[in-house]
Each structure stands twice: as C-alpha cells, then as structure tokens.
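*Asks:* So that we are looking at the same thing, I have put the structure below in structure tokens.
Read the figures in this text as sums done on the coordinates, not as results from a lab. In this text, all values refer to a predicted model and were calculated from it rather than measured experimentally. Heads up, the Cβs are rebuilt from the backbone with ideal geometry, glycines too, and the neighbour counts pull from every protein chain shown.
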Amino acid sequence: MAIIEIEGLHKSYGSIKALRNLDLSVAEGEIYGFLGPNGAGKTTAIKIIMSLLNPDVGRIRVKGIDVTEAGPDIRKYIGYLPERVALYEYMTVQKNLEFLCDLKGCPRDVIPHLLDDFKIKASKDTKVKTLSKGMLQRLGLAQTQIGDPDVLILDEPTSGLDPEIRRWVKKKIISMKKKGKTVFLSSHVLSEVQEICDRVGVISDGKLIAEDTVKNLSEKLHLEPRIEISVDPIDEALKHVKSLKYIHRPRIEKELLVLYCTGKNKARLIHDLVDQGMEIDDVGIEEPDLEEVFVKIMEGEI
Amino acid sequence: MRKLNNFKLLYSKDMWKRIFRISFKEFTQNLKNPWILTIAVIFLVLSVTVSYYGTAAETSAEWMDMEHTIRYLAGYVEYMVPLIALILGYGSIVREREKDTLELLLSYPMDRGEVLSGKFLGLWMVIITCVVAGLGLGGVIISHNISEVAWREYYLFILATILLGGVYLSISMMLSVFFQDSSSALAGSIFTLFLFSFIWLFSMYAIAEMTFGWSELELGRPPKWYFAVQFFNPMIIWYTLLALNIPAVREWAMEFAGEEPEFHPSYYDTWIMIFVLIIWIAIPLLLSEYKFNKSDL
C-alpha cells in the first residue's frame with residue numbers, strides 16, 4: 001500500500017520549472033531513495049510534501065490524506081529532517097526537544113529515551129549553537145522521532161558528516177525501517193542509498209526519469225557485473241575470452257583477468273576456461289553499483 | 001473545506017496550546033535581552049525624574065502632578081515604545097527564515113497563523129512587561145510623593161501606550177513577513193517610525209498650506225476631512241486618546257498643534273480611538289497572515 005503518493009506535481013519559480021509533472025509513490029514500510037543531480041527538484045518536492053511550498057498543480061497524499069486540503073494536522077504523521085538542520089541556537093538540546101514535543105502535543109517523557117537512543121544525553125544541557133555538526137545531526141534525527149510518526153522524510157541526512165557519524169546515521173535509518181517506519185530519503189551518497197534503500201527514484205530536470213530497485217534498474221540498463229579472475233596462463237586466457245561473443249571489455253589489470261558478462265554467463269565462462277586447460281585460482285564478482293546506474297540514467301539510457 | 005477546517009481550528013484546544021507555547025518561548029527568550037531590562041529601567045527613571053525635575057526650569061524641583069507627568073512622559077514614550085516594538089518585531093519571521101528554524105517549525109503540525117499569533121502575543125507581552133514594570137513602578141513612586149493621584153489618567157496612559165506598542169509590533173511583524181532579508185525589514189521598520197513621527201507631520205503641514213491654509217490649522221479649525229485623515233497615523237490616534245482624557249496633554253496639544261476640542265468631530269471619542277488602535281493592530285496581522293500563507297519557504 002502506498003503511504004506517499006504524488007500525482008502530476010508542477011512547481012515553477014518564475015520562468016524556471018522546478019517540477020514538471022512529477023509522479024511517484026512510496027510503499028508503506030520501505031526506504032525510498034530520492035536521487036538526482038543538484039537543482040533537479042528533490043528539495044522542492046520534499047518541501048511541497050511538507051507544505052512548506054505551495055504547488056502550482058498536483059496532488060500529494062500521505063496515508064491517503066490530501067496534504068493540501070488536510071491542513072497542518074497531517075504533519076503529526078511525519079518526521080522531517082531538513083537539509084540544513086537548524087534548531088534554536090540559544091536553547092539547550094533538552095529545551096529544544098521540550099519545545100518541539102509541546103508543539104506536536106507529545107508527552108515530554110519521550111525525551112530521556114530520545115537522548116539515550118540518539119546518544120546526545122551528555123549534551124542535553126549544551127546550547128545548540130555550540131554543538132558539532134555530527135551532534136546537531138543526531139539531534140535533528142532525534143526530533144524526527146517526536147510523536148512516533150509513521151513517515152520520515154530525510155533531506156540529505158548524511159551530508160557533510162564524517163564517516164563514523166555517516167555509518168551511525170545509516171544504521172539508525174535501517175533501525176527506523178525495522179520499527180515499521182517508511183523512510184523517504186534524498187541523498188547524493190549513492191553507495192549509501194544502494195545499501196539501505198529498497199527502491200530508488202531518479203529525478204532530473206523536475207521529472208522522475210526512473211524508479212525501481214537498484215537491481216532491476218541495472219538489469220533494465222543491461223549493466224553487467226565486473227568479473228576478476230586469477231588465472232594461469234593469463235595471456236592465453238585473455239586471448240581465448242576475446243573470442244567469446246558473450247564477453248565484453250576483457251583486459252588484464254594487476255595480474256588479474258578483468259571482463260564483463262551477464263550473470264547467467266558467469267558459469268559458462270568458467271567452464272570454457274577450464275575446458276581450455278586454464279588453471280583458475282580465484283574469481284571475484286562485483287555487481288554494478290548505483291553510481292553506474294545513476295550515470296547511465298542521467299545519460300538518458302533508460 | 002479549507003474554510004471549514006479553519007473554523008474548526010478556532011475551537012481547537014491544541015491550537016491554543018501551540019500558540020501559547022510559541023508565545024511563552026518568545027517571551028522568555030526576549031525577556032533575557034538586556035535591552036528590554038534597560039528600557040524598563042529607563043521608563044522607571046524617566047517617570048520619576050520627569051515628575052520631580054520636570055518643572056525645575058520654571059520653579060524649584062518638586063513633584064509634579066500625575067497629569068503633567070504624563071504630558072512630559074508622552075514626549076519620550078512616543079519614540080521609545082515604537083522603537084522597542086520595531087526592534088522586537090522586525091526580525092521575528094525573517095530572521096527565523098534566514099536561520100532555517102522557520103522551516104523546522106513549520107514542519108510541525110501547526111498553521112502559519114498560529115506561528116504569527118504566538119510570536120505576536122509573546123513579543124507584545126514583553127512590551128507590556130516593560131511598560132507596566134517601568135511606568136507602573138514609576139507611578140507608584142510618584143503617588144507616594146503627591147497628594148492627589150490621578151490613577152485613572154495614569155492607567156489610561158499605560159493602556160494607550162501598550163496599544164501603541166501593539167500597533168508598531170504588528171507593523172514590524174508584517175514587514176518581517178513581507179521582506180526577504182532582515183536588513184530590509186529593519187530599514188522598513190525605521191522608515192515606519194520616521195513616517196509616523198516626522199514625515200506625516202510635515203506632509204500634513206504641507207497639505208494644510210496647499211489646501212485650506214496654514215492659518216486655519218493654527219486656529220484649530222481645519223476641515224472635517226483633516227480629522228478623518230489622522231486615523232491613518234496610529235501615533236496621532238494615541239495622542240488624541242491621551243488628549244481627550246488628560247487635560248494637561250490637551251493643553252499641550254493645543255499649544256503645539258492648535259487643536260481646539262470644540263472643532264473636533266463627534267467621532268473623536270475615547271472608545272473609538274481605542275477601537276482604531278485595535279484595528280491598527282489587527283490589519284497588519286491579517287495582512288501578514290495572508291502573505292505568510294501564500295509565501296514559499
């Protein structure tokens with residue numbers, strides 16, 4: 001069942017068309033990666049879902065309720081992390097959470113749990129203006145949990161963070177999914193999106209140009225896994241594979257035979273090499289990554 | 001459908017809780033501002049010194065009656081109260097927009113009108129605290145040193161000043177919504193102060209000279225429309241409210257502007273002046289809400 005549905009969304013800033021007939025849907029309980037180059041319209045779409053921007057045309061439904069007609073109450077079901085996390089600088093971590101709890105009509109007894117869960121307990125009496133970027137992001141994520149919303153909209157949640165915090169944020173997002181939350185995530189870090197998202201949608205020039213699982217998109221784009229073989233004699237093996245029609249881009253890299261072929265031809269290749277009397281020590285397979293998928297999509301190959 | 005929702009919201013307990021929560025935050029945050037305490041102390045010191053030394057130039061220093069104290073105090077209050085209201089209000093929305101806290105605030109389940117109302121109430125409470133603490137305490141001190149205390153006039157002076165603060169706060173919040181950066185909002189606020197305090201008066205003198213003649217104004221006999229036009233300046237409304245109720249202020253107004261009460265139209269009435277000041281609070285707030293609801297973040 002779709003928990004977020006966007007239909008025919010248009011938004012212009014003067015003569016600039018930020019969104020052009022955007023359609024997408026996010027299923028309940030999934031992590032949906034929203035990808036696109038800078039200026040593609042990701043943040044505009046997110047802000048419209050949050051009613052921070054008014055759409056020119058189009059409908060957005062969250063949990064089946066029309067966002068533009070429902071008024072602010074719909075936001076009880078949504079936890080939002082903006083691209084630039086900004087909380088009240090002159091207030092402490094604790095006071096910020098208390099204020100936000102009050103606005104959402106949520107009891108304050110959830111705060112100790114949030115402080116623990118997001119590892120910000122030690123900074124609870126620290127003013128937000130003195131927090132590091134990592135701690136601020138933890139606090140930003142913590143506030144999304146106020147009121148236990150079903151839908152989480154995270155705009156670039158790992159942007160500008162060091163690798164350790166990025167890993168932590170990633171784990172946290174996965175744990176949110178395990179709790180049954182739906183996560184709508186916009187990101188530039190493709191490897192992370194690939195790792196945690198069930199499906200991705202790629203937006204370019206205000207339009208959704210592809211939407212599926214990374215695996216399905218790879219298949220649609222005919223992306224082949226990269227195969228690295230430690231084989232002896234390597235020159236003979238290279239000569240042989242060059243004659244095979246189902247093998248692409250064969251070469252030798254760092255004493256390994258590197259080539260590309262579809263998944264179903266992998267076993268056939270190994271048989272062929274063994275039949276030719278080659279001695280195979282090791283085989284490594286690297287599936288196509290989201291970056292490759294993204295580049296191909298942006299090049300218009302889908 | 002939307003209208004029905006808004007109507008229902010008027011009765012929503014949650015809505016009022018959120019408004020009061022925002023106003024409490026604004027109040028506590030701004031009360032910590034050292035300028036607010038300073039201005040409250042200035043009001044206190046001014047009221048006491050004006051009352052005691054106000055007549056020093058004419059006779060020896062002695063305590064003045066309440067009415068004359070109000071007359072002299074009004075000359076300071078007319079600049080100071082609008083100034084603190086404009087300082088408090090000009091950044092209320094635009095600064096939050098610049099710092100991105102507005103985006104987070106509006107991602108919570110609340111209407112934009114609730115944010116505006118909450119901020120207005122909180123900031124107005126700051127002005128009320130400042131005026132009541134400063135002028136109120138001053139009044140208490142003065143009352144212990146004079147025989148006949150005109151409390152009614154003094155209360156009216158405080159009430160009118162609170163309303164004047166509300167008007168300027170409402171205008172500065174409107175500027176904060178309409179402008180996209182805080183420096184423009186500040187410039188707009190300063191212009192507002194100049195507009196109602198100086199530009200208006202000079203413009204009125206110029207219009208008087210060009211139309212019915214300066215001499216008629218000096219004699220306190222301007223045409224009826226001239227009185228009606230004054231409703232477009234909240235500062236004049238405030239002064240008129242004081243002049244209608246406090247003889248010492250009326251005498252001063254007659255000396256300064258040649259206003260003769262017998263030429264005042266019948267609608268120059270205390271309750272109408274109070275009502276007009278309230279309208280002056282409401283209209284900028286309604287315009288702010290309209291613009292705020294239409295604007296993108």
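*Asks:* Are any of the pairs A:42/A:133; A:47/A:76; A:95/B:294; A:104/A:124; A:95/A:179; A:239/A:264 more than 25 Å apart by Cα-Cα distance, and if so, which?
*Replies:* Working: A:42/A:133 23 Å; A:47/A:76 16 Å; A:95/B:294 31 Å; A:104/A:124 20 Å; A:95/A:179 27 Å; A:239/A:264 22 Å.
Distance filter (> 25 Å) returns A:95/B:294; A:95/A:179.
*Asks:* Continuing with this model, one more query. In degrees, nearest 10, range 0 to 90: what is the angle between the Cα axis of helix A:163-178 and the longest Cα principal axis of chain A?
*Replies:* 80
*Asks:* Rank A:110, A:258, A:214 by mean-square fluctuation in a GNM of chain A with C-alpha springs under 10 angstrom and give only the top-ranked residue.
*Replies:* Of the options given, A:258 has the highest mean-square fluctuation.
*Asks:* Report the residue, chosen from A:255, A:228, A:98, that carries the largest GNM mean-square fluctuation when chain A is represented by alpha-carbon nodes joined by springs under 10 Å.
*Replies:* Residue with maximal mean-square fluctuation among A:255, A:228, A:98: A:255.
*Asks:* If you don't mind, there's one more thing I want to ask. Over all pairs of distinct alpha carbons, what does the Kirkwood formula give as the hydrodynamic radius of chain A, in Å? Walk me through the numbers on the way to the answer.
*Replies:* Working: mean 1/r = 0.0460 Å⁻¹.
Averaging 1/r across every pair of different Cα atoms and inverting gives 21.8 Å.
*Asks:* Also, quick follow-up: Where in the stretch A:263-292 is the amide nitrogen less than 20 Å from a point lying 7 Å along the Cα-to-Cβ axis of residue A:215?
*Replies:* A:263-268, A:284-292, by backbone N distance to the label point.
*Asks:* Grab the Cα-Cα distance for residue B:98 and residue B:155, subtract it from 0.36 nm times how many residues apart they are, and report the gain in nm with one decimal.
*Replies:* Values: separation 57, 0.36 × 57 = 20.52 nm, distance 3.97 nm.
Gain in length upon complete extension: 16.6 nm.
*Asks:* So between residue B:229 and residue B:121, what do we pick up on full extension, going 0.36 nm a residue minus the alpha carbon distance?
*Replies:* In short, 36.0 nm is gained.
*Asks:* Here's a follow-up. Once you put a point 7 Å from the Cα of residue B:32 and another 7 Å from the Cα of residue A:230, both along the Cβ direction, what distance in nm separates them?
*Replies:* About 6.2 nm separates the two model spin labels.
*Asks:* Here's a follow-up. Under the rule of -39500 (n - 2.57) per DSSP H run of 4 or more residues, summed and divided by the residues of chain A, what mean residue ellipticity at 222 nm is obtained, to the nearest 500 deg cm²/dmol? Could the numbers behind the result be given before it?
*Replies:* On the way: 11 runs with 101 residues, N = 302.
-9500 deg cm²/dmol, from helical runs alone.
*Asks:* With springs only between Cα atoms under 10 Å, which of A:220, A:129, A:264 fluctuates most in a Gaussian network model of chain A?
*Replies:* A:264
*Asks:* Calculate the spin-label point distance for residue A:280 paired with residue A:20, positioning each point 7 Å from the Cα along the beta-carbon direction, and give it in nanometres.
*Replies:* The modelled label-to-label distance comes out at 4.7 nm.
*Asks:* Between residue A:287 and residue B:184, what FRET efficiency comes out of the Förster formula 1/(1 + (r/R0)^6) with R0 = 56 Å and r the beta carbon distance, rounded to 0.05?
*Replies:* Working: r = 54 Å, r/R0 = 0.96.
Efficiency, from the Cβ-Cβ distance: 0.55.
*Asks:* Report Rg (one decimal) and Dmax (nearest whole number) for the stretch B:13-294, counting Cα atoms only, units Å.
*Replies:* According to the Cα coordinates of the stretch B:13-294, Rg and Dmax are 20.1, 63 Å.
*Asks:* With all distinct Cα pairs included, what does the Kirkwood hydrodynamic radius of the protein assembly as shown come out to in Å, to one decimal, could you say? Display every interim value, and only then the final one.
*Replies:* Values: mean 1/r = 0.0345 Å⁻¹.
After inverting the mean inverse Cα-Cα distance, the result is 29.0 Å.
*Asks:* Additional query: Share of antiparallel DSSP beta bridges in the stretch A:140-243, in percent to the nearest 5? Mind dumping the intermediate values first?
*Replies:* Details: 5 of 10 bridges.
Counting only bridges with both partners in the stretch A:140-243, antiparallel ones make up about 50 percent.
*Asks:* Show me the helices of chain B, taken as full DSSP H stretches, that run 20 Å or more along their long axis by Cα and average -0.5 or above in Kyte-Doolittle hydropathy.
*Replies:* Numbers: long enough: B:13-31 (27 Å, -0.74); B:34-53 (27 Å, 1.91); B:66-90 (33 Å, 0.86); B:112-131 (28 Å, 1.23); B:151-178 (40 Å, 1.40); B:270-294 (37 Å, 1.39).
Long hydrophobic helices here: B:34-53, B:66-90, B:112-131, B:151-178, B:270-294.
*Asks:* Same structure again: Okay, which of the stretch A:206-234 sit inside 19 Å, backbone N to the point 7 Å along the Cα-Cβ direction of residue A:251?
*Replies:* Those under the cut-off are A:223-231, A:234.
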